[in-house]
Protein chains: 2
Amino acid sequence: MSELKGACIIGQSGGPSAVINASAYGAIKTALDNPSVTRVLGALHGIKGVLDDDLIDMGKEDPEELALMKYTPSSALGSCRYKLADPDEDDTDYKRILEIFKKYDVRYFFYNGGNDSMDTCNKISKYMLKQGYECRVMGIPKTIDNDLYGTDHCPGFPSAAKYIATSCMEVYRDARVYDTGMVTIIECMGRHAGWLTAAAALASYKGNGPDLIYLPETDFDMDKFIASVQKIYNEQKKCIVAVSEGVHDSEGTFITEYANKNAAKDNFGHTQLGGLAAFLAAKVKEATGAKVRGIELSLLQRCAAHCASQTDIDESYAAGEAAVLNAVAGITDKMVGYERVTGPDGKYAMKIKLFDLADVANTEKKVPLDWINETGDGLNEKFIEYALPLIQGETKLTHEDGLPRFVNLKMVKA
Amino acid sequence: MSELKGACIIGQSGGPSAVINASAYGAIKTALDNPSVTRVLGALHGIKGVLDDDLIDMGKEDPEELALMKYTPSSALGSCRYKLADPDEDDTDYKRILEIFKKYDVRYFFYNGGNDSMDTCNKISKYMLKQGYECRVMGIPKTIDNDLYGTDHCPGFPSAAKYIATSCMEVYRDARVYDTGMVTIIECMGRHAGWLTAAAALASYKGNGPDLIYLPETDFDMDKFIASVQKIYNEQKKCIVAVSEGVHDSEGTFITEYANKNAAKDNFGHTQLGGLAAFLAAKVKEATGAKVRGIELSLLQRCAAHCASQTDIDESYAAGEAAVLNAVAGITDKMVGYERVTGPDGKYAMKIKLFDLADVANTEKKVPLDWINETGDGLNEKFIEYALPLIQGETKLTHEDGLPRFVNLKMVKA
């Protein structure tokens, strides 16, 4: 494969995470250091930054400041939820993207995001191939939801899992402090895949976690739920529940829809969920008379950089780095992912593996049903074995005045 | 003052914090090491443990395991919200307490809690004095609310403040990631004093915090609030608000009462608050059409040991230690508190100071009005100067398998 010289664009898309910037930094730093990449451009707000010619020159950033991206949560370049049309129906956006690519002689395009972002990445890759414009396109995965096809796990999930397990352990201590009864319901993100909620099982494994855990992989039965809570409450005067925002009944209706019949939908047609913890808490109170508390982990679970897994940070950086190195070496049309291997010490290790973008786009990976217990309200040791290695290591985040020191980019327009 | 030999009881009461166990451990460790204290007993669930003769022998715990108390959130001995009657009206409980004190030859009583706990402590102290039973009684403060009289600040507040400021900085990054508009409302604890919500100003001071901060020290005007949000939203497409659960209108009615007219009351007659963030978010959505998100920090803010201030942990330990050393030296009927002094390096330092229990009991200290800005929606530099030294230092919490290693007591009955 001959050397391809040209500029690169990196963009971030979809819901942010505690480590999506670690991936972006891995790509930016590697690209800045690579002689084949003539210029490193950041697209502000993902693909919209390309469409709007809203690009910044990453080479103009102070290298020491830029390095803080590795420990800064959320998407430093901004994100979007913009859905590209099918190019056979409407190629307006694609023509514009090609125009911008030509304007800056862009020969490398790196897109950092989840399912929908890999779909965007795939469409752009296929369009450029069809147009005969040589541009190597690589997807860099990101999603706390952990639901991307192929890869062993997704950058962002381990840090969110560590935060959820840690918070569950702390809430467990707090919620059991009085001698009076209390039922606590903790709501985690996860629309169709229960990985994040499953992370609460790591706290239970440590003896300080929820008694009951409900994922969207199985149907949620309100009567069975109330009966299970009542049983534990009667025995212990306490019951802690972790529940996914996406739990649904046997007909597929989200339980939150019963709470909020006018739930808004986003640009991808996803129902905006939330308020489930309060709704279930009210149901439990009504049925049992117990004192209840609903806790929604909300945005906190996806941006808690102060509680990130250093394993996740390092792997996320490696994913961004691998995207650039592979592209420069001639690879295109792939998503970087992880393969779980056994390290030289006999313990968990991660190896970079590439996946076809077409396979990844819009495929969701769920928690295997045989990792869920027989009563459908907990996880078994298979999940613990899977998740525990991922949350190892405390973040090396720098502090200033006792608070996190996050990156501040100059954002010099290209 | 002659030496007083005998057993001690330590109990914990009221809402827990990330560092109340650091104080309890400071007292327990110091008492175990002191020859005047013949036996160290822990009262389970505070004063109820004394009334029920439900005491554990702290000397039977493994010293290394016991030392983990310093970094374990919530009350390891359990808590209660039991209110003692006025002894002139009903002295049943006091007679029982005296009976238990005599049974175990208790000559030292340490009570670890907030306003209501200092009231309990004061009543017991005065009763024992009146009965001529020699028992030295010391209050060890604790409250994330930071509202205890006299002391510069309360153990627990700095850690909660650090968590709130850190979380606000992270949410700030997350909530501004899209190019579409969004209003985010973060609800903090604090019924009558706004210290916790004020801590969000530390994030704003770092340039990554709320635009508007509302405390219960001033009246909350819904129309003015909506107008302020609208103005910032129009300018920036984003607006982040931190609000205390205890905000009220000019007639003193809690804003949450409008959301939940049947709010339950606890044993002290306090209204149980919550759900304000969701209520205000709905109000903002109705008035502005903006996309909104309400985040309630709930229990997370008081139990987040993983984000505790090491300054707070060390000071909390020192408070427990000082209670025992002063009692053994002959002091009684006091609460241990902090005085802010200038250290040899010209920087913040803390000195232990004792306060009369009678002065402390049931007095609330609020945020000074001249620390709040003129528009009543933010804090000025006086608050920053006050709070910043308190949140310094990251916790030395031990991790095991990537998760916090909290204490597990054997709890051997006395």
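Miscellaneous remarks
- Only listed residue being assigned by TED's automatic domain parsing to the domain that holds B:K334, at pLDDT 95 or above, surrounded by 21 or more Cβ atoms within 10 Å (Cβ to Cβ) and within 24 Å of B:A319 (Cα to Cα), chosen from B:N122, B:N146: B:N146
- Taken together, B:K102, B:K83 contain a single residue that is of a type in the set (K, R), within 14 Å of chain A (Cβ to nearest Cβ) and surrounded by fewer than 18 Cβ atoms within 10 Å (Cβ to Cβ), which is B:K83.
- In the stretch B:166-188, the residues that are polar (S, T, N, Q), within 17 Å of B:G207 (Cα to Cα) and more than 7 Å from chain A (Cβ to nearest Cβ): B:T184
- Here is the figure for the stretch B:315-347: residues that are closer than 30 Å to A:E170 by Cβ and surrounded by fewer than 17 Cβ atoms within 10 Å (Cβ to Cβ) total 1.
- Scanning the stretch A:1-14 for residues that are surrounded by 24 or more Cβ atoms within 10 Å (Cβ to Cβ) and not β-branched (V, I, T) returns A:C8, A:G11, A:Q12, A:S13, A:G14.
- Within the stretch B:50-77, considering residues that are small (G, A, S) and surrounded by fewer than 24 Cβ atoms within 10 Å (Cβ to Cβ), the one nearest to the chain's Cα centre (by Cα): B:A67
- When B:I140 is tested against (1) more than 13 Å from chain A (Cβ to nearest Cβ); (2) within 13 Å of the chain's Cα centre (by Cα); (3) in a loop (DSSP other than H, G, I, E, B), exactly one condition is not met: (3).
- 3 or more residues away from chain A (no Cβ under 14 Å): qualifying helices (runs of 4 or more DSSP H) within the stretch B:281-400: B:310-328, B:357-360
- Flag for A:I384 being β-branched (V, I, T), outside the structural domain of A:F110 (by TED's automatic domain parsing), crowded, with 22+ Cβ neighbours inside 10 Å and at pLDDT 95 or above: no
- Among residues of the stretch A:87-98 that are over 12 Å from A:V50 (Cβ atoms), those with a beta-carbon under 7 Å from a residue that is in a helix (DSSP H, G or I) and of a type outside the set (A, V, I, L, M) at least six positions away or on a different chain give the pairs A:P87/A:Y94; A:P87/A:K123; A:P87/A:Y127.
- Within this structure, A:I140 passes the test of being touching a helix residue (DSSP H, G or I) at 6+ places or on another chain (Cβ under 7 Å) and either under 21 Å from A:I10 (Cα atoms) or without any contact (Cβ under 8 Å) to a residue 24 or more places away in the chain (or both).
- Filtered by the rule that a residue be within 24 Å of B:D179 (Cα to Cα) and within 23 Å of the chain's Cα centre (by Cα), the stretch A:27-49 gives A:A27, A:I28, A:G42, A:A43, A:L44, A:H45, A:G46, A:I47, A:K48, A:G49.
- Residues located in the stretch B:189-215, provided they are away from chain A (no Cβ under 14 Å), in a loop (DSSP other than H, G, I, E, B) and more than 23 Å from B:A287 (Cα to Cα): B:G190, B:R191, B:H192, B:A193, B:G194
- Scanning the stretch A:154-176 for residues that are in a loop (DSSP other than H, G, I, E, B) and buried (at least 24 other Cβ atoms within 10 Å of the Cβ) yields A:C154, A:P155, A:G156.
The values are calculated or read from the model by the stated rules, or taken from the named source; none is laboratory data. Quantities reported herein were computed from a predicted structural model and do not represent experimental measurements. Cβ coordinates were reconstructed from backbone atoms using ideal geometry, including for glycine residues, and neighbour counts include every protein chain displayed.
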